[in-house]
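The values are calculated or read from the model by the stated rules, or taken from the named source; none is laboratory data. Remember, it's a predicted structure, so these values are computed and weren't measured experimentally. Heads up, the Cβs are rebuilt from the backbone with ideal geometry, glycines too, and the neighbour counts pull from every protein chain shown. Areas reflect the complete protein model, heavy atoms only, side chains present, ligands, DNA and RNA absent. Shrake-Rupley method; radii C 1.70, N 1.55, O 1.52, S 1.80 Å.
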Amino acid sequence: MLLRKNKIKRALLYTLYLVIIVILFLEIFLRFYYPFPRSLTGANWEMAVNRTFTLHNDLNKRLDAVIVNHRNSIGFRGEEPPVDIENKLSILTIGGSTTASSFISDGKTWTDLLGEKLKKQCPKVWINNAGIDGHSSYGHLNFLYYYVARLKFKPKVALFLVGVNDIDRDDLTVVDSSKYTSSAFSTAWFRRHSKTVSFLYDVKWIIHPVHVYNDKQNWDFKDFKSIHLEKAYIDSALKKQDVILQRFRERLTKIIALCRQYKIQPVFITQPLVTGDGTVNGGNPNIDLHVWNDTENGLLFWKKLQLYNNVTMQVADANKVFCIDLATQMPKDTLYFYDIMHYTNEGSAKVADVIYNALTPHLTKDGVNF
């Protein structure tokens with residue numbers, strides 16, 4: 001019996017020894033080579049740089065068959081920062097997937113097309129796309145604090161397309177509380193100090209992505225499940241946004257303060273959807289009933305988003321920040337959207353037009369020689 005216990009004890013110690021060796025090996029290896037293009041580990045950002053991603057698309061005929069997405073030496077989409085960047089009108093577009101435009105090829109994103117328009121009026125414009133899929137206003141705040149702060153230059157203007165990734169995100173509360181500091185041996189502490197823990201989190205997100213709907217690349221505007229919602233359900237869903245909206249307001253205010261600290265001029269942009277308030281001339285109002293997140297529909301999602309858009313405009317007004325109401329100026333036409341929120345090539349061109357027409361007079365008033 002004693003002999004058996006000793007064997008079990010030796011086996012457990014040997015297993016523990018192997019686990020420690022594997023973790024140490026992983027920790028060392030991952031510090032030299034991290035396999036994921038981008039990860040956020042506490043205060044340390046890692047961006048994919050000098051890499052080209054090619055997507056062969058046979059899932060959605062509303063998009064290009066081959067999509068090319070290149071990241072430059074600072075991890076953004078667009079031209080390299082010139083040596084005389086301080087003499088340029090440098091602009092970053094910051095947002096989630098509707099800014100990143102991962103399924104739109106280089107040269108066709110709304111950031112690219114906006115840049116082409118601006119350069120015709122002002123050749124000294126330099127613009128890059130710093131959008132990151134899934135980023136909320138919390139992500140934008142972290143991005144400014146932990147990544148932009150470390151760049152060798154600060155952009156003169158930052159365009160923030162915000163709101164859609166903050167909806168229903170009460171889970172950001174815990175993350176917000178640990179943005180600048182975290183208690184010893186907390187989850188955030190381990191992620192900040194251990195590449196292995198960060199790697200396991202990234203694997204988890206790939207296997208179980210958060211807030212990614214299954215038909216993202218195959219949104220169907222013709223043959224879809226319709227959901228009708230009772231007014232009481234809608235009212236309750238909107239009421240649940242109250243606390244989240246207050247935190248969203250606070251984050252936008254912090255973004256403005258941080259931009260001004262870095263001498264960056266912030267510009268806010270409200271977020272459009274194809275659903276909500278549809279008309280026959282501007283798309284198909286029937287898609288307002290399109291199923292969304294299994295139990296809701298596109299109309300409710302639009303009603304929620306409008307709450308965030310309103311806060312965006314209110315915060316901008318209170319802090320004297322220029323705001324472009326893209327949400328109301330973007331036609332609700334399926335020509336421009338390949339799903340509920342993401343743009344087709346035609347949609348990207350339309351977004352660029354709307355932003356350019358609003359932004360140019362503002363920059364001119366601000367002293368830029370167009």
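Side notes on the structure shown:
- Restricted to helices (runs of 4 or more DSSP H) entirely inside the range 231-337, those with at least 1 residues that are closer than 20 Å to Leu161 by Cα and in contact (Cβ under 8 Å) with a residue 60 or more places away in the chain are 241-261, 298-318, 326-329.
- Qualifying residue in the range 156-164 (condition: at pLDDT 70 or above, under 24 Å from Asp84 (Cα atoms) and in a loop (DSSP other than H, G, I, E, B)): yes
- Odd one out for Val267 among (1) β-branched (Val, Ile, Thr); (2) surrounded by fewer than 22 Cβ atoms within 10 Å (Cβ to Cβ); (3) at pLDDT 95 or above: (2)
- Residue list for the range 59-74, filter: open to solvent by less than 60 Å² (accessible area, probe 1.4 Å), touching a residue at least 40 places away in the same chain (Cβ under 8 Å) and farther than 14 Å from Ile127 by Cβ: Asn60, Leu63, Asp64
- Neighbours by Cβ (under 7 Å, 6+ apart or cross-chain): first from the range 100-111, more than 13 Å from Glu346 (Cβ to Cβ) and aliphatic (A, V, I, L, M); second open to solvent by 10 Å² or more (accessible area, probe 1.4 Å) and modelled with pLDDT under 95: Ala100/Asp133
- Residue identified as modelled with pLDDT under 95, of a type outside the set (Ser, Thr, Tyr) and surrounded by 22 or more Cβ atoms within 10 Å (Cβ to Cβ) among Asp339, Asp366, Asp277: Asp339
- Test: residue in the range 288-305 that is at pLDDT 95 or above, open to solvent by less than 20 Å² (accessible area, probe 1.4 Å) and basic (Lys, Arg): yes
- Boolean, Phe322 is out of contact with any His (no Cβ under 9 Å at 6 or more places or on another chain) and modelled with pLDDT of 95 or more: no
- Pick from the range 218-256, criterion more than 12 Å from Lys304 (Cβ to Cβ) and of a type in the set (Phe, Trp, Tyr), ranking: surrounded by the most Cβ atoms within 10 Å (Cβ to Cβ): Trp219
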